[in-house]
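A.B. asks: Below is the structure I would like to discuss, written out as structure tokens.
Please treat every number below as a calculation from the coordinates, not as lab data. What you see is a predicted model, and the numbers here were worked out from it, not measured in a lab. Cβ sites come from the backbone with ideal geometry, for glycine too, and all protein chains shown count toward neighbours.
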Amino acid sequence: MNEHFNYDELLTSYFSGSLTETEERALEEWKSTSEENQTIFKNAEKIWKSLDLLQEMKGYNASRALSNVHSKTEQSSRLYQKNFLFYWQRIAAILLLPILISGVIYFFQAKHTSNNSFVWQTITTPPGVKSHAKLPDGTLVWLNSGTALSFPSSFSTGTRNVKLLGEAFFDVAKDEKHPFNVDLGRINIEVVGTKFNAINYEQEGQTEVVLTSGKVKLLEKDESKSWSVITLKPGQQATYNKMRETISLKEVDTGKYTSWIEGKLIFRDDPIGEVVNKLNRWFNVQIEITDPDIGNYIYTATFQNETIEQILSLIRRTSPVEYAIIQGKRLNDGSFEKQRIILRKR
């Protein structure tokens, strides 16, 4: 889970040039999380730039100014007092800058967070990595490779809202008064206490929900409202086609879709395209199919602890397919490109 930071303090330190490298990375990540955070940053920056008084404060001699009060005329004295008050007003503005920044942050978070006034945070799993977490309400979540889950630091009132990009399995803590809502873009999931798997990778053309227990309601939303589309029963899978904006429903073996939690890859009469997608996410590789005929092949297998080379070798032995592995090049930052794997027909 991401380290917690006080972002109003980070903003103040940023503008004064005293951030550490870790704090600067945290602030950049916070800025990129949402448009609201970017707006907060821009408003805080305007406040800071309007108070360019540090150099003036360094050159201001209070003792000399005080002696001038006794040596000047009443008119000069009034002028001095006016200037003196002017300086101290602006000095006070600088001292109040952290409070102003905190106020800006509070205003925008209160405006854009519907169910509470807490800061949203995000858990991410890099490609090829899996993790699990416990949400503030006690809900347990397992995150698959390349997944981002956003949620507030506390579920105080109303609906328990989270946002998912990637794949996750939810064991939702039961609370009938506060429904649990998963934002998947055009489709939302609403439950009160249940177990389900959701797949919502941004680059893929469909969103999938598989229910293992309890009940799940799918909601379709537009800019103005949301409405119920379908209710799932245990053992059912709903698939939303993003391009056609259609939903299909079918009975499935839920173990096939939740086995990744236990480190297993299960395929049951799956087309090669689906196999490739899962292997790409599981091993953080880039598999390319060069022959369209390969797309007609289907596979049934269970893998656990096998390497990508072992799985490819099995595919080659059981079908007229061969493969070539192209190692990724080393990048300037010391990391490597994804390993490319070319599948072609023998």
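A.B. asks: Remind me, relative contact order of segment 120-256 in percent, using alpha carbon pairs under 8 angstrom and six or more residues apart?
C.D. replies: Here the relative contact order equals 15 percent.
A.B. asks: I've got another one for you. Under the 0.36 nm per residue contour assumption, what length would be gained going from the current alpha-carbon distance of ILE325 and GLU9 to full extension?
C.D. replies: 108.9 nm
A.B. asks: Moving to a separate point now. Beyond 18 Å, how much of the Cα-Cα pair distribution for segment 120-256 remains, as a whole percent?
C.D. replies: The proportion of pairs with Cα distances above 18 Å equals 52 percent.
A.B. asks: Further question: For the ranges 123-130, 267-274, 246-253, what's the packing order if you count other beta-carbon atoms within 10 Å of each residue, average per peptide, and put the highest first?
C.D. replies: Highest to lowest by the protection proxy: 123-130, 267-274, 246-253.
A.B. asks: Among VAL285, HIS178, VAL275, whose Cα lies farthest out toward the positive end of the dipole of segment 170-285, if unit charges sit on the beta carbon of Lys, Arg (+1) and Asp, Glu (-1)?
C.D. replies: HIS178
A.B. asks: What pairs from LYS130/LYS338; LYS195/LYS233; LYS221/LYS242; LYS195/LYS250; LYS174/LYS256; LYS134/LYS174 go past 21 Å between their alpha carbons?
C.D. replies: From the list (LYS130/LYS338; LYS195/LYS233; LYS221/LYS242; LYS195/LYS250; LYS174/LYS256; LYS134/LYS174), the Cα-Cα distance tops 21 Å for LYS174/LYS256.
A.B. asks: Taking 0.36 nm per residue of sequence separation and subtracting the Cα-Cα distance, how much length would be gained by fully extending the chain between ILE298 and THR39, in nm to one decimal?
C.D. replies: Full extension from ILE298 to THR39 adds 88.3 nm.
A.B. asks: Which value, in debye to the nearest 20, gives the size of the charge dipole of segment 263-345 about its Cα centre, when Lys and Arg are +1 and Asp and Glu are -1 at the Cβ?
C.D. replies: Around 160 debye, computed over segment 263-345.
A.B. asks: May I pose another question? Taking H as built 1.01 Å from N, whose amide H comes closer than 5 Å to the amide H of VAL321, not counting residues under 5 places away?
C.D. replies: ARG346
A.B. asks: Using a Förster distance of 35 angstrom, determine the FRET efficiency expected from the C-beta separation of GLN121 and ARG346, and round it to 0.05.
C.D. replies: Given R0 = 35 Å and the Cβ-Cβ separation, E is 0.10.
A.B. asks: Specify whether the C-alpha gyration tensor of segment 290-346 places it in the rounded, prolate or oblate class, a ≥ b ≥ c being the square roots of the eigenvalues: rounded for a/c under 1.5, otherwise prolate if a/b is larger than b/c and oblate if not.
C.D. replies: oblate
A.B. asks: Filter the GluC sites (Glu not before Pro) in segment 113-207 down to the DSSP loop ones having no more than 11 other Cβ atoms within 10 Å, then list what survives.
C.D. replies: When the GluC sites (Glu not before Pro) of segment 113-207 are filtered for loop state and at most 11 Cβ neighbours within 10 Å, GLU176, GLU202 remain.
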